[in-house]
Amino acid sequence: MPKIAIIGTTAWGETLGIVLARKGLQVSLWARTEREAAELTRNGPNPEVIPDAEFPPELSVTSSLSEALAGVKAVILVVPSQSMRENIRLVAGHLDESMLIISAAKGLEIGTSLRMSEVIAEEIEPEFRPNICVLSGPNLANEILCGLPAATVVAASDEVLARKAQKLLTTPKLCIYTNTDVIGVELGGALKNIVALGAGIADGLGYGDNAKAALITRGLTEMTALGVALGANPLTFSGLAGLGDLVATCASPLSRNHYVGTELAKGRSLKEITESMTGVAEGVSTTLVVWNLARKMGLEMPITEAIYQVLYEAADLYQVAVELMTAGNSHELAGRKWKLFSFLRHHGHSPVG
């Protein structure tokens, strides 16, 4: 069976390793230190990260990158977005033209506003860039680990490459679809975390399902508007990497971003919440990046603005929520510098019915 390498001992990284090893693939999980590799080999997954799980015999843990990447068909980077550049720099010297390079991180880089595939492309040889794929969708790790059915999307600019990754990663319980809209798939996975923070706040404040449904729907429109402005296909946001991931992340108590929102509503500080977590809530850094990006582009993003005020300006949750729910436009697809109307007109549709 083919061998793959997974870079990152995050909950999602270990989960992917386990389910792919159960499929029969030879999986090499890379840990940053010899100590971590030895502990994982001896004890299995950290129960605080992945409860009630064991590593299959087909999965091995190593702290040696040369060992992890020797003879692999694909390398999957499952690391926090802000450490992607550091990690791909370590991996870059071990790549060859036959390896698929798959990003499973959902975020944007602070300072550059780059998507993860763009960060990877900057750090590897040009001849390897066509092998970059991205994996994103409604993939709550604990559910997948338990064998519950799920679906996700693998995107690459070349459909043939996407199908190659699809074949490698599909399991009996994890259905993988393909897409060639890399921009849309990556942005869907990153931007939904901002909305999930808001959904957690709404739940924590007891605002009910009507308010949360409005937030999710308006959030999806806001995500799509930014995506279109950055060159994505708006239809991608109606798919698994957009609406699918958004619903799962906004509704599930397993979502780290939703958890941060509910804890903020309890009056805890952001610092206290994030320091107590075993994983990263990507929406926190993504909010900062997207807020700066929207200001630079002159794009109206009221939900992002509201979450930014809560996270970075210590704004009053109740006041922000009231302002957000009472804000309105003449049409639900209208917003400053949004291109949704022009897209619809270009494709022969009336924006007002």
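Which pairs have Cβ atoms under 9 Å, sit 6 or more apart or on different chains, and link a residue in segment 161-186 that is touching a residue at least 60 places away in the same chain (Cβ under 8 Å) and of a type in the set (Lys, Arg) to one that is in a helix (DSSP H, G or I) and crowded, with 16+ Cβ neighbours inside 10 Å?
Lys173/Val19; Lys173/Ile144
Collect the residues in segment 33-44 that are more than 22 Å from Lys23 (Cα to Cα) and surrounded by 13 or more Cβ atoms within 10 Å (Cβ to Cβ), keeping them in residue-number order.
Listed by number, the residues that qualify are Glu36, Ala37, Ala38, Glu39.
Keeping to segment 295-314, report how many residues are part of a helix (DSSP H, G or I) and not aromatic (Phe, Trp, Tyr). Quick ask: steps written out before the conclusion?
Within segment 295-314, the subset part of a helix (DSSP H, G or I) is 295-297, 302-312.
Restricting the remaining residues to those that are not aromatic (Phe, Trp, Tyr) gives 295-297, 302-307, 309-311.
Of the residues in that region, 12 qualify.
Across segment 266-287, what is the number of residues that are of a type in the set (Val, Ile, Thr), in a helix (DSSP H, G or I) and surrounded by fewer than 23 Cβ atoms within 10 Å (Cβ to Cβ)?
So the answer is 3.
If you take the residues in segment 119-131 that are among the aliphatic types (A, V, I, L, M) and not in a loop (DSSP other than H, G, I, E, B), which one is surrounded by the fewest Cβ atoms within 10 Å (Cβ to Cβ)? Talk me through it step by step, then tell me what you get.
Residues of segment 119-131 among the aliphatic types (A, V, I, L, M): 119-121, 124.
Checking the rest, the ones that are also not in a loop (DSSP other than H, G, I, E, B) come to 119-121.
Working: Val119: 23, Ile120: 26, Ala121: 17.
Filtering first and then ranking leaves Ala121.
Of the residues that sit in segment 45-81 and are over 22 Å from the mean Cα position of the chain (by Cα) and small (Gly, Ala, Ser), which one is surrounded by the fewest Cβ atoms within 10 Å (Cβ to Cβ)?
Looking at the filtered set, the residue picked out is Ser66.
Take Ala141 and decide whether it is closer than 20 Å to Ala21 by Cα, surrounded by 16 or more Cβ atoms within 10 Å (Cβ to Cβ) and in contact with a Leu (Cβ under 7 Å, 6 or more places away or on another chain). Before the answer, list the steps.
Numbers: closer than 20 Å to Ala21 by Cα: yes; surrounded by 16 or more Cβ atoms within 10 Å (Cβ to Cβ): yes; in contact with a Leu (Cβ under 7 Å, 6 or more places away or on another chain): no.
No; evaluated as a whole, the condition is false for this residue.
Conditions: (1) modelled with pLDDT of 95 or more; (2) surrounded by fewer than 17 Cβ atoms within 10 Å (Cβ to Cβ); (3) hydrophobic (A, V, I, L, M, F, W, C). Ala150 meets all but one. Number of the miss?
All conditions are met except number (2).
The values are calculated or read from the model by the stated rules, or taken from the named source; none is laboratory data. Note that the structure is predicted; figures quoted are calculated from it, not measured. Cβ coordinates were reconstructed from backbone atoms using ideal geometry, including for glycine residues, and neighbour counts include every protein chain displayed.
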